[in-house]
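Here the structure comes first, spelled out in structure tokens, and everything after it is commentary.
The values are calculated or read from the model by the stated rules, or taken from the named source; none is laboratory data. Here the structure is a predicted model, which is why all the values come from computation and not from measurement. Please note: Cβ atoms are built from the backbone with ideal geometry, for glycine as well, and neighbour counts cover all protein chains shown. Just the protein is used for accessible areas: all its heavy atoms, side chains included, with ligands, DNA and RNA removed. Shrake-Rupley method; radii C 1.70, N 1.55, O 1.52, S 1.80 Å.
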Amino acid sequence: MARIIVVTSGKGGVGKTTTSAAIAMGLAKRGHKTAVIDFDVGLRNLDLIMGCERRVVYDFVNVINGEANLNQALIKDKNCNQLYILPASQTRDKDALNLEGVGRVLEELSKDFKYIVCDSPAGIEKGAYLAMYYADDAFVVTNPEVSSVRDSDRMLGILASKSRRAELNMEPIKEYLLLTRYDPDRVESGEMLGLDDVQEILSLHLLGVIPESKSVLNASNSGIPVILDEKSDAGQAYADVVARYLGEKKPLRFIDSKKGFLRKLFGGK
């Protein structure tokens, strides 16, 4: 059976779709057959970041409604033959998804795939609920700012109480923290929450810290998951996240201020 991962947050704009694309690509590059699903019906951004928007013929809603089968809707990634994308519909209402239909699609995917990554819309609307309901693992994505962390804390309550695992008294969803857009210099100057502050509020297992990086935007605009940019800080950080998720030990990188390092180097305080 596949391991189902939901990439979620309480707040929009924190990097969920970037993270979903990077994690799915990272797992696939490690040799694990992986599917990534866009749950954001009506907006649909995952196919843009994966660079396959022109190849979308059928979508997630078509499959749920029986208008196409999975084989017709899944798009094989051009950079990795172990990765497949199931895009969202751009023309349907958010109510087009339903619990039974989502469960049926996930069950069918589970027969062939090792990992299924669910790219959740922001907030606690229906699409976000459906994305997390069947999850085994949750990557809670947050920025180091108070509103983002507070909204993520709210999402933790929903993960703990409204999932299939909670309803069936199964082992809880495994929750991991992924801190994105982290800028150590701004943390040092007090403009952002520090890593310790975020962990103290959320009390989650930290899977990784993704630094603020222009390479994320460049990769998105190019239709390539940033994890494939192995020279960039963000690409390396996402590769570390995948490695940690798979059980490898990797030290945290990109969390120390360069200004602070230079001050110490030259004898400052």
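Out of SER222, SER189, SER215, SER232, which single residue is over 14 Å from GLU145 (Cα atoms), open to solvent by 20 Å² or more (accessible area, probe 1.4 Å) and of a type in the set (S, T, N, Q)?
Numbers: SER189 fails: over 14 Å from GLU145 (Cα atoms); SER215 fails: open to solvent by 20 Å² or more (accessible area, probe 1.4 Å); SER232 fails: open to solvent by 20 Å² or more (accessible area, probe 1.4 Å).
After ruling out the rest, the residue left standing is SER222.
Can you tell me which residue among LYS76, LYS33 is within 17 Å of PRO225 (Cα to Cα) and either touching a Cys at 6+ places or on another chain (Cβ under 8 Å) or touching a residue at least 40 places away in the same chain (Cβ under 8 Å) (or both)? Walk me through how you get there before you give the answer.
On the way: LYS76 fails: either touching a Cys at 6+ places or on another chain (Cβ under 8 Å) or touching a residue at least 40 places away in the same chain (Cβ under 8 Å) (or both).
Exactly one of LYS76, LYS33 is within 17 Å of PRO225 (Cα to Cα) and either touching a Cys at 6+ places or on another chain (Cβ under 8 Å) or touching a residue at least 40 places away in the same chain (Cβ under 8 Å) (or both), namely LYS33.
Answer with yes or no whether GLY51 is touching a Phe, Trp or Tyr at 6+ places or on another chain (Cβ under 6 Å) and under 20 Å from THR17 (Cα atoms). Step through it out loud before you land on a result.
Working: touching a Phe, Trp or Tyr at 6+ places or on another chain (Cβ under 6 Å): no; under 20 Å from THR17 (Cα atoms): yes.
No.
Restricting to the range 130-142, name every residue that is open to solvent by 10 Å² or more (accessible area, probe 1.4 Å) and under 15 Å from the mean Cα position of the chain (by Cα). Spell out how you get there, then give the answer.
The initial filter retains those residues of the range 130-142 that are open to solvent by 10 Å² or more (accessible area, probe 1.4 Å), namely 133-134, 136.
Selection gives ASP136 alone.
What are the pairs, 6+ residues apart or on separate chains, where a residue within the range 89-112 that is in contact (Cβ under 8 Å) with a residue 60 or more places away in the chain has its Cβ under 8 Å from a residue that is of a type in the set (Lys, Arg) and assigned to a loop (DSSP other than H, G, I, E, B)?
Close Cβ pairs (under 8 Å, with a partner that is of a type in the set (Lys, Arg) and assigned to a loop (DSSP other than H, G, I, E, B)) amount to ASP112/LYS33.
If a residue has to be among the aliphatic types (A, V, I, L, M) and over 14 Å from VAL102 (Cβ atoms) to count, how many in the range 40-69 make the cut? Steps first, answer last, please.
The first filter runs over the range 40-69 and keeps only residues among the aliphatic types (A, V, I, L, M), leaving 41, 43, 46, 48-50, 56-57, 61, 63-64, 68.
Add one more test, that the residue is over 14 Å from VAL102 (Cβ atoms), and what stays is 43, 46, 48-50, 56-57, 68.
Final tally of qualifying residues: 8.
Sort out which residues of the range 109-129 are of a type in the set (Ser, Thr, Tyr) and either open to solvent by less than 10 Å² (accessible area, probe 1.4 Å) or at pLDDT 95 or above (or both), and write them in order of number. Please lay out each step first, then the result.
First, the residues of the range 109-129 that are of a type in the set (Ser, Thr, Tyr): 110, 115, 120, 129.
Listed by number, the residues that qualify are SER110, TYR115, SER120.
Return yes or no: is ILE49 over 21 Å from SER215 (Cα atoms) and either at pLDDT below 95 or not polar (S, T, N, Q) (or both)?
Details: over 21 Å from SER215 (Cα atoms): no; either at pLDDT below 95 or not polar (S, T, N, Q) (or both): yes.
It is false that ILE49 is over 21 Å from SER215 (Cα atoms) and either at pLDDT below 95 or not polar (S, T, N, Q) (or both).
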